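First the structure, in the form of structure tokens, and then the observations on it.
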Amino acid sequence: MQENILRPEQKSDLELLGRIPEIKQFYLAGGTALALQIGHRYSVDLDFFSVKKFSTARLLRNLQSAPTCIKQSISKGTLYVLLNGVSCSFIAYPYPLIDEPVSSPWGIQLASVKDIGAMKINAIGGRGYRRDFVDLYCLTQIRPLPVIWEDFKKRYSGTGLSLSHVKKSLVYFSDAEKDPLPNMIKRVSWKKIREFFEKESKDLSI
């Protein structure tokens, strides 16, 4: 576990969250969960997902037992808070994991790199932030893009997603280029990332 990617306040948050019973139904995903496993960049926020529905009001009450918790927004199946100044999201996400989650020192489950890769492709198919391309590229250094693509198709099968649209999104960079690069540990070149996806996405099967 690459704990060096976390700020002290994030570690404190994970320790706190690991003691809240409702968190047991969630898993940590996104760039932070990936960075904890491959150590490619520093963490920014904490994104939690649950396959099951949950009470946002009850979870918020438990989180507000911490004096550093500030509610940002709440709606059905979605809760955003600041915890020790760290942005934390809790989202009902009805797509089952395709791999066993990974244990952490804080008693919190992490999505595996297999599931995170699938989620990153799905995110790029929506509105691809630069960090999504960076994360996916770094993951391809240990898991080939065609394999991640098959993970994506498996996880989101039956959802009606347009595979041709998602495939085209892997080479659509206009929105991503409005964003800064994440705070990296491993050096990457945006030019190299673009060239990689332009070349490697051509042969992905739809």
Notebook entry, point to check: When only residues in the range 119-136 that are under 26 Å from P8 (Cα atoms) and surrounded by fewer than 22 Cβ atoms within 10 Å (Cβ to Cβ) count, which is nearest to the chain's Cα centre (by Cα)?
Noted result: R131
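Could you list, in sequence order, all residues of the range 65-82 that are at pLDDT below 95 and not hydroxyl-bearing (S, T, Y)? Explain how you work it out, then say what you get.
Going through the range 65-82, the residues at pLDDT below 95 turn out to be 65-68.
Scanning the range 65-82 gives A66, P67.
Name the single residue that is farthest from K154 (Cα to Cα) among those in the range 193-205 being loosely packed, with under 11 Cβ neighbours inside 10 Å and not hydroxyl-bearing (S, T, Y). First the steps, then the outcome.
Residues of the range 193-205 that are loosely packed, with under 11 Cβ neighbours inside 10 Å, as a first pass: 202-203, 205.
Pick out the ones that are also not hydroxyl-bearing (S, T, Y) and you get 202-203.
Values: K202: 19, D203: 18 Å.
Among those that are loosely packed, with under 11 Cβ neighbours inside 10 Å and not hydroxyl-bearing (S, T, Y), it is K202.
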Next item on the list: Please find, among I98, I116, the residue that is surrounded by 15 or more Cβ atoms within 10 Å (Cβ to Cβ), part of a loop (DSSP other than H, G, I, E, B) and not acidic (D, E).
Entry: I98
Item checked: Complete set of residues in the range 9-29 that are touching a Leu at 6+ places or on another chain (Cβ under 9 Å) and either assigned to a helix (DSSP H, G or I) or closer than 22 Å to V134 by Cβ (or both) -> E9, Q10, S12, D13, L14, L16, L17, E22, I23, Y27, L28, A29
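Do any helices (runs of 4 or more DSSP H) lying entirely in the range 141-206 carry at least 1 residues that are polar (S, T, N, Q), and which ones are they?
On the way: elements: 145-155, 163-169, 190-200.
Those helices (runs of 4 or more DSSP H) span 163-169.
Being part of a loop (DSSP other than H, G, I, E, B), aliphatic (A, V, I, L, M) and buried (at least 17 other Cβ atoms within 10 Å of the Cβ) is the filter here, so list the residues in the range 30-60 that pass it.
V44
Restrict the check to the range 5-14 and report whether at least one residue is within 22 Å of I124 (Cβ to Cβ) and not hydroxyl-bearing (S, T, Y). Give the derivation first.
We begin by selecting, within the range 5-14, every residue within 22 Å of I124 (Cβ to Cβ); these are 5.
Now restrict to residues that are not hydroxyl-bearing (S, T, Y): 5.
Among the residues of the range 5-14, at least one is within 22 Å of I124 (Cβ to Cβ) and not hydroxyl-bearing (S, T, Y), which makes the answer yes.
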Note to self: Here's a check for you: in the range 1-29, which residue that is farther than 21 Å from G85 by Cα and among the polar types (S, T, N, Q) is surrounded by the fewest Cβ atoms within 10 Å (Cβ to Cβ)?
What the structure shows: Q2
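The values are calculated or read from the model by the stated rules, or taken from the named source; none is laboratory data. Everything quoted here is computed from the prediction, not taken from an experiment. Reconstructed Cβ throughout: ideal geometry from the backbone, glycine too, with neighbour counts over all protein chains shown.
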